[in-house]
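Q: Let me begin by handing over the structure; questions about it come next.
The values are calculated or read from the model by the stated rules, or taken from the named source; none is laboratory data. Worth saying up front: this structure is predicted, and the values here are computed from it rather than measured. Backbone-built Cβ (ideal geometry, glycine too); neighbour counts: all protein chains shown. Only protein heavy atoms, including side chains, enter the accessible area calculation; ligands, DNA and RNA are left aside. Shrake-Rupley method; radii C 1.70, N 1.55, O 1.52, S 1.80 Å.
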Amino acid sequence: MKPPFCTVCLALMAAPLPAMAQDFRFTGTASTEDGDVIYEERHSVDGTCEGGVFRPQQHEVAYHKPDAAESFAGKALEYDASVFRPTVDFVQPTFDEKMVVTYPEPEILVIDWQTPRGDSERFEVAYPPNTVVDAGFDNFVRRNWQRLVAGESVEFRFLGPTRGEHYGFVLESAENDRVDADHVVQIRPTSMVLRFLVNPIVLGYSDSGALSDYLGLTNIRKNQDKNYTAHIRYSVDTYPDCELTP
């Protein structure tokens, strides 16, 4: 006699396994051109493995002065809708600054910024699909990894949150004598006018796709009028159990 057909068993065998939670932890040390340490970034990224590739979901950053136990600034990001456009909640209490980026409806983002001078600014910005926001640049690099390794360039829009606008940029391979990494790329403006005003951001990556260097303007304030320009060197504390790049 044949055993009874187990519909429930078959359904259980056919059902996809739930994605396992993954941790990605790394630390960045920001220094001036003279080598003086300014601050440390402590990154904690929670996500899952999808198709063998890490997908971030929540990302916390704590900023610490050298040898300080308490953080002086913090940032929380969520990548629910897009790995390129996270929601952003950034606070820098030393300057009474706070910035929040949200997405109240499709293709619209809202920036609420409490400025260091005590003013409040609010921008509602329409954006195209190739727009990148804040730390989404790191995921944008990884998702275009094969094209970059092959020497191709990728154009995109990058949000300038304090101006309430996005601008044309290109991501491409580069060389820089200050960045010693397996792969070096840069993000530079496509506008000739912006090229005179904004220096390229230079990024270093390991063969595994982990960010090793950031050279350029940061979101940490030096004073009310200027942010630090720094060389941030990263080291990975914990890798997820899947690849960082496709």
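Q: Ranking request for peptides 68-74, 207-213: highest mean number of other beta-carbon atoms within 10 Å first, then the rest in descending order.
A: Ranked from most to least packed, the peptides come out as 207-213, 68-74.
Q: All other residues with a Cβ under 12 Å from the Cβ of Leu244 taken together, and with Lys, Arg as +1 and Asp, Glu as -1, what is their net charge?
A: Result for the neighbourhood of Leu244: -1.
Q: Could you please state, rounded to a whole Å, how far the C-alpha centre of the range 29-78 is from the C-alpha centre of the range 212-246?
A: What the calculation gives is 7 Å, centre to centre.
Q: Moving to a separate point now. Please give the net charge around Arg147, taking every other residue with its beta carbon less than 14 angstrom from that of Arg147, where Lys and Arg add +1 and Asp and Glu add -1.
A: Net charge in that neighbourhood comes out at -1.
Q: For the range 117-134, what does the Karplus curve 6.51 cos²θ - 1.76 cosθ + 1.60, with θ = phi - 60°, yield as ³J(HN,Hα) per residue in whole Hz, taken in order and with x for Gly and Pro?
A: 8, x, 7, 10, 10, 9, 10, 10, 10, 7, 9, x, x, 8, 7, 10, 10, 6
Q: Moving to a separate point now. Give me the number: length gained by fully extending Val110 to Ser235, i.e. 0.36 nm times residue separation minus the C-alpha to C-alpha distance, one decimal in nm.
A: Numbers: separation 125, 0.36 × 125 = 45.00 nm, distance 3.29 nm.
The Val110-Ser235 span can extend by a further 41.7 nm.
Q: Another question, if that's okay. Could you order the peptides 104-112, 23-31 from most to least packed, using the average number of other C-beta atoms within 10 Å per residue?
A: Order by mean packing, descending: 23-31, 104-112.
Q: Something else: Straight-line reach from Lys75: which aspartates and glutamates have a Cα under 15 Å away, not including same-chain ones fewer than 8 places off?
A: Counting by Cα, and skipping residues close in sequence, Lys75 has these aspartates and glutamates nearby: Glu40, Glu41, Asp46, Glu60, Asp89, Asp96, Glu97, Asp112, Asp134.
Q: Residues with amide H under 5 Å of Glu97's amide H, sequence separation 5 or more or different chain, H placed in the peptide plane at 1.01 Å from N; which?
A: Sorted by chain and number, the residues that satisfy this are Gln92.
Q: Indicate, rounded to the nearest 5 percent, the antiparallel portion of the DSSP beta bridges found entirely in the chain.
A: On the way: 85 of 88 bridges.
Bridges in the chain are about 95 percent antiparallel.
Q: Next question. How large are Rg and Dmax for the range 133-246 when calculated on the C-alpha trace, in angstrom?
A: Using the Cα atoms of the range 133-246, the pair Rg, Dmax is 14.4, 44 Å.
Q: Which of rounded, prolate or oblate describes the range 25-114 when judged by the alpha-carbon gyration tensor and an a/c cut-off of 1.5?
A: Taking the square roots of the gyration eigenvalues as a ≥ b ≥ c, the range 25-114 is oblate.
Q: If you count only protein heavy atoms with a 1.4 Å probe, what accessible area per residue comes out for the range 114-246, rounded to a whole Å²?
A: Computed with neighbouring chains in place, this is 54 Å² per residue.
Q: Which whole-number percent is the relative contact order of the range 120-233 (Cα, under 8 Å, 6+ apart)?
A: Worked out over the range 120-233, it gives 16 percent.
Q: Is the shape of the range 73-205 rounded, prolate or oblate, going by the alpha carbon gyration tensor and its root eigenvalues a ≥ b ≥ c, with a/c under 1.5 for rounded and a/b larger than b/c for prolate?
A: Here the range 73-205 falls in the prolate category.
Q: Could you point to the label whose value was computed as Cα Rg over 2.2 N^0.38 Å for the structure here, given (1) 0.98; (2) 1.14; (3) 1.09?
A: Here Cα Rg over 2.2 N^0.38 Å agrees with entry (2).
Q: Also, quick follow-up: Could you please state how large a percent of the accessible area of the chain is carbon and sulfur, counting protein chains only and using a 1.4 Å probe? Write down the numbers at each step before the final one.
A: Numbers: 7070 of 13720 Å².
Roughly 52 percent of what the probe reaches on the chain is carbon or sulfur.
Q: Determine the dipole magnitude for the range 126-246: charges of +1 sit on the beta-carbon of Lys and Arg, -1 on that of Asp and Glu, nothing else is charged, the reference point is the Cα centre, and the result goes in debye to the nearest 20.
A: In total the dipole reaches around 620 debye.
Q: Additional query: Could you run the Karplus curve 6.51 cos²θ - 1.76 cosθ + 1.60 with θ = phi - 60° over the range 39-56 and give me ³J(HN,Hα) per residue in whole Hz, x for Gly and Pro?
A: Result, ordered by residue: 6, 10, 9, 10, 9, 10, 10, 9, x, 9, 9, 10, x, x, 10, 5, 10, x Hz.
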